[in-house]
Each structure stands twice: as C-alpha cells, then as structure tokens.
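Working notes, structure below.
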Amino acid sequence: MMENLSIVPILLFSVIVHEIAHGWTAMKLGDPTAKEMGRLTLNPLPHIDLFGSIIFPLMSLAAAGTVFLAWAKPVPVNPGNFSRPRRDDMIVSFAGPASNILMAGFCAVAFIVTTIIARQVNSADSPLITNASVFVMTMFYGGVYLNIILAVFNLIPIPPLDGSHILASFLPPQAAIAYRRIGFLGIIAILFLMRVPAVARAFHDAVMFLASPLEHFMGGAL
C-alpha cells in the first residue's frame, strides 16, 4: 500500500506542472489568459479537477491497487492572442509533455540524492526513518516512469490530448477544426486503442525508449 500511495503526491505535482507549462509558454507567446486567471502557480487549489485529480485516482487505487493516471484542470489558452496561432498553439501543446520529460529527469536526480542520504541515515536503525526513506525513494523512482508515461500518453494525436493539437497544426484549417470537434469521443477511442496489443506494445516501447537513459543514469550513479 505504501508503494501505491507514494506515487500520488508526485502524480498530482506532475500534472500541475504540466498545466503550468502550457500556461507559461502561452504567456511567453503573447497570451496572458492563464496568468490573469491565477493558473501560473504551484498552489494546487486552482488546478484541482474534482474528478480527474481526486475521484479517478482514488477509484483506480481501490479497483486496481495503483494510481496510473490523473489530470488537472486544463489551463485556458486563447490562440487569438498569438502572433502565429497555428505554430504557437503547437508549441504550447508540446510544452506540457516536455515538462513531464524534465520532471522525469528531476525525479531521477532526486532518487539518487535521497538514496545516498538514506544509506547514511538508516544506520540509526530507526523504523520510522527507514519507512520514510523507502516512501520518498519509491515516490521519486516511480515519478521517473510516471512522468514518461504522462508525456507519451499526452502526445497521442487524438483529441483532446496535446498530440492532437500538434497534429492539427499541420492540417488544413477546416480539417483541423473538424478534427478537434471529436472532443470527448477521442477519450473513448484512446481507451479502445490502448487495449489493442500492437498499440499497447508501441506505447510500452516508447515509454521504455525514453526511460532507459534515465534508468542507466540512476544505476550508474548508484
């Protein structure tokens, strides 16, 4: 149970960073909407989505014994404020998954640091210290793979995921509008596709391709 619960803090923090990355990038490209609505903050309250941030993770923990997905409220973005809307929307969309890849690197470094510290303090043979050390190390180690999964998942080019905005930027304007109208039906399509063995294998391979360098980095450092 500790292993499953340890992933929750880093999961919620990661999805918040993901949304902040969208808003911050949009601001740099001329759209201050997210900033004006108070969404460029690490305070979780403005970002929490009742279902995606709380109910769904708890349901997956109860049903599957682990938390594998959560999301925060999408930050508001007004492409009309961009100087080059199609290009800038693509950049803003990519910023979220990119932030998760950076978070995976941060978690790898944090795992190494906490492991080195734990090897020193555990000599006190304190169960409390030992359990706390295991919790933190598990959280950061899981955070590496969790953030890679979030990055790859969000890059799937099906609405409403970030990958769909990137793909739409290359489509003719009318086709892009029609494509984005898929909306919630895209979630159903994603859930179906993830059950197709070839798609699930490709997803797994993409995750491992991105995670392997960090795995080697952690192993080599320790």
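The values are calculated or read from the model by the stated rules, or taken from the named source; none is laboratory data. Everything quoted here is computed from the prediction, not taken from an experiment. As a convention, Cβ positions derive from the backbone with ideal geometry for all residues, glycine included, and neighbour counts pool all protein chains shown.
Considering only residues that are touching a Pro at 6+ places or on another chain (Cβ under 7 Å) and in a helix (DSSP H, G or I), which ones fall in segment 12-41?
Passing the criteria: Leu12, Ile16, Glu19, Thr33, Ala34.
Matching residues to (1) assigned to a helix (DSSP H, G or I); (2) over 27 Å from Ser6 (Cα atoms); (3) at pLDDT 95 or above; (4) of a type outside the set (A, V, I, L, M):
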{"position": "Asn100", "(1), (2), (3), (4)": "yes, no, yes, yes"}
{"position": "Val109", "(1), (2), (3), (4)": "yes, no, yes, no"}
{"position": "Leu128", "(1), (2), (3), (4)": "yes, no, no, no"}
{"position": "Val134", "(1), (2), (3), (4)": "yes, no, no, no"}
{"position": "Gly142", "(1), (2), (3), (4)": "yes, no, no, yes"}
{"position": "Ser164", "(1), (2), (3), (4)": "yes, yes, no, yes"}
{"position": "Gln174", "(1), (2), (3), (4)": "yes, yes, no, yes"}
{"position": "Ala200", "(1), (2), (3), (4)": "yes, no, no, no"}
{"position": "Asp205", "(1), (2), (3), (4)": "yes, no, yes, yes"}
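Would you point out which residue out of Ala110, Ala132, Ala118 is free of Cβ contacts under 8 Å to residues at least 12 places away in the same chain and aliphatic (A, V, I, L, M)?
Among Ala110, Ala132, Ala118, only Ala132 is free of Cβ contacts under 8 Å to residues at least 12 places away in the same chain and aliphatic (A, V, I, L, M).
Take segment 14-54 and flag every residue that is buried (at least 16 other Cβ atoms within 10 Å of the Cβ), within 24 Å of Asp88 (Cα to Cα) and of a type in the set (Asp, Glu).
Residues satisfying the conditions are Glu19, Asp31.
Given the conditions (1) surrounded by fewer than 18 Cβ atoms within 10 Å (Cβ to Cβ); (2) touching a helix residue (DSSP H, G or I) at 6+ places or on another chain (Cβ under 6 Å), and given that Asn154 satisfies all but one, which numbered condition is not satisfied?
(1)
Given the conditions (1) surrounded by 12 or more Cβ atoms within 10 Å (Cβ to Cβ); (2) among the hydrophobic types (A, V, I, L, M, F, W, C); (3) out of contact with any Gly (no Cβ under 9 Å at 6 or more places or on another chain), which single one is not true for Ile177?
(1) is the only condition that Ile177 fails.
Go through the residues of segment 185-200 one by one and say whether even a single one is in contact with a Pro (Cβ under 7 Å, 6 or more places away or on another chain) and either crowded, with 17+ Cβ neighbours inside 10 Å or over 16 Å from Arg86 (Cα atoms) (or both). Let's see the steps before the verdict.
Looking only at segment 185-200, we keep the residues that are in contact with a Pro (Cβ under 7 Å, 6 or more places away or on another chain), and these are 186.
Those left that are additionally either crowded, with 17+ Cβ neighbours inside 10 Å or over 16 Å from Arg86 (Cα atoms) (or both): 186.
Looking through segment 185-200, at least one residue is in contact with a Pro (Cβ under 7 Å, 6 or more places away or on another chain) and either crowded, with 17+ Cβ neighbours inside 10 Å or over 16 Å from Arg86 (Cα atoms) (or both).
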